[in-house]
Amino acid sequence: MNNREIAELTGLCIANTYRRFPVAFVRGKGTRLWDADGKEYLDFVSGLAVCNLGHCHPKVVEAIRNQAATLIHTSNLYHIGPQAELAKLLCGNSFADKVFFCNSGAEANEAAIKLVRKYFSLRGEGRFKIISMEKSFHGRTMATMSATGQKKFQAGFEPLLEKFVYVPFNDIGAVGNAVNSDTAAVIVEPIQGEGGVNVPSDNYLKELKSLCRESGILLIFDEVQVGMGRTGTLFAYENYGVSPDVMTLAKGLGGGIAIGAMLATDEVAGAFTPGSHASTFGGNHLATAAGVAAVEATLNEGVLDNCKKAGAELIERLSGLKKDFPFIKEIRGKGLIVGMELTIPVYDIVNKCLERRLLVNCAGETVLRFIPALIVTGKEVDEMVGILRGVLKGV
Ligand SMILES: *Cc1c(COP(=O)(O)O)cnc(C)c1O
């Protein structure tokens, strides 16, 4: 099938939940993709911050191949070697003591929300309220959509789950005002992704942690998008000298395979006991074998250093566009999650980039988001900015 045939078939029998671009990719390698008509693209979307090691990283492919040919799935009724191994890697490189595996970011956040409730329930404290941020994104299930501080994701699905309140991001005073004896936790993305690549001020997360400690409430970091090396450290919180009580991961964790994880300290994780929570597929052999390969490659192949270096180059090159295009308002980000806010809508620009064989995407109406593989080179950054410059000239 070519691009058009795949698009037609999609229109016939796929639920219409996405406004899709008129291409279908059939092959990928590193930062490059090829579509069903044989055209090559430079990828600065990475499957939405999933393929952090580039497409079809050889170690990940090998791990998936070997595991698929050996044992794919047995269920969590039994011990799972690669799952335990992946948990050890994650705990050994983070604040966490225990991991619960699931299959997506939303599920990881569901687990975090349930864990927090169970934790206070066991202590006999009537704390149910979770404080979340405006412009946040935590997923599309009922609970995570309720936790998401953006009306556009909630419209038509009300009534929402109770006991979520929203405060402006990066405003510690607003959180302080929202905390009361009913509050269980604060959930926050260390850097907001879908909400427009919003970076907090240096002390915000530290102050949030202190506030949570003083108030006896828990702190959840949603690192579904910014974890797994995206910001130049394995976890984004490492940039801010502060750790949470609970953290959620997904996107980049499995090198492209569906997986989610909720990590917590022993004290908090202890609220989950046999029967508390479960997932049939969660942490199965195939997904966690891919995860082990992805985490090891991230830690051992200079990926984090490259992310910092290429990220700095990306911000510098994008900033270089500012003087020529007055509709560029701001460039912000950390590592290789970078946003360029314009004073005009960006959807057409994304389309024009696609025509020139460059994939970028939007985070909201007016922010272009750049989330290339963490192995992207300075040369590819230059190539991308060159294409983008050509497109912006036509605006
Ligand atoms: C993508 C994302 C989610 C949801 O992940 P899914 O795998 O789509 O359920 C949750 N939180 C953040 C910060 C995300 O970027």
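The values are calculated or read from the model by the stated rules, or taken from the named source; none is laboratory data. Since the structure is predicted, the reported quantities are computational estimates derived from the model, not experimental observations. Note that each Cβ is placed from the backbone with ideal geometry, even for glycine, and that neighbours are counted across all protein chains shown. Please note that ligands, DNA and RNA were not included when accessible areas were found on the heavy atoms of the full protein model with its side chains. Shrake-Rupley method; radii C 1.70, N 1.55, O 1.52, S 1.80 Å.
One table, with the values for the structure above:
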read-out	value
Gyration tensor over alpha-carbon atoms, the chain, equivalent ellipsoid semi-axes in Å	33, 26, 20
Calculated FRET efficiency for the pair R389/A312, C-beta based, R₀ 30 Å, to 0.05	0.95
Region 75-300 - percent relative contact order, Cα under 8 Å, separation 6 or more	30 percent
Phi to ³J(HN,Hα) by Karplus 6.51 cos²θ - 1.76 cosθ + 1.60 over region 310-326, Hz, x for Gly, Pro	5, x, 5, 5, 4, 5, 5, 5, 5, 4, x, 7, 4, 5, 8, 10, x
Helix axis angle, 204-215 relative to the chain longest principal axis, alpha carbon, degrees	10 degrees
Rounded FRET efficiency, nearest 0.05, which uses the C-beta distance separating R27 from A155 and R0 of 41 Å	0.65
Distance cut-off 20 Å, percentage of C-alpha pairs in region 75-300 lying past it	56 percent
Cross-link reach list, lysines versus K393, counting only Cα pairs under 28 Å and skipping chain neighbours closer than eight places	K39, K309, K322, K323, K329, K334, K352, K379
Stretchable slack from A15 to A84, in nm (0.36 nm times residue separation minus alpha-carbon distance)	21.2 nm
Global geometry of region 39-101, whether rounded, prolate or oblate, following the gyration tensor of its Cα atoms and the 1.5 cut on a/c	oblate
Where GluC sites (Glu not before Pro) fall in DSSP loop in region 78-184, at most 11 other Cβ within 10 Å	E162
Loop trypsin sites (Lys or Arg not before Pro), region 99-134, which have at most 14 other Cβ atoms in a 10 Å radius of their Cβ (DSSP)	R123
Cα long-axis angle, helix 378-393 against the chain (0 to 90 degrees, to the nearest 10)	70 degrees
Percent carbon-and-sulfur accessible area, the chain, ignoring ligands, DNA and RNA, probe 1.4 Å	54 percent
Value of relative contact order over the chain, rounded to a whole percent, pairs C-alpha under 8 Å and six or more apart	22 percent
Per residue accessible area in Å² of region 75-300, where ligands, DNA and RNA are left out and the probe is 1.4 Å	38 Å²
Charge sum, other residues only, whose C-beta stays under 13 Å from E238's C-beta, Lys/Arg counted +1 and Asp/Glu -1	+3
Derived scalar couplings ³J(HN,Hα) [region 71-78; Karplus, 6.51 cos²θ - 1.76 cosθ + 1.60; whole Hz; x for Gly, Pro]	6, 9, 7, 10, 5, 8, 6, 10
Listed residues K334, K352, K379, most fluctuating in the chain (Gaussian network, C-alpha, under 10 Å)	K379
For region 1-108: rounded, prolate or oblate by the Cα gyration tensor [a/c cutoff 1.5]	prolate
Cβ-placed point charges (K, R +1; D, E -1), dipole of region 75-300 about Cα centre in debye, nearest 20	340 debye
Per DSSP, loop trypsin sites (Lys or Arg not before Pro) in region 1-107 with at most 16 further Cβ within 10 Å	R19, R20, K39
Prolate/oblate/rounded call for region 209-322, Cα gyration tensor, a/c under 1.5 rounded	oblate
Per-residue [θ]222 nm for the chain (sum of -39500 (n - 2.57) over DSSP H runs n ≥ 4, rounded to 500)	-11500 deg cm²/dmol
Phi to ³J(HN,Hα) by Karplus 6.51 cos²θ - 1.76 cosθ + 1.60 over region 32-43, Hz, x for Gly, Pro	10, 10, 10, 8, 5, 9, x, 7, 9, 10, 9, 9
Solvent-free Debye scattering, log10 I(q)/I(0), computed from the Cα coordinates of region 18-65 at q = 0.15, 0.19, 0.24, 0.25 Å⁻¹	-0.42, -0.65, -0.93, -0.98
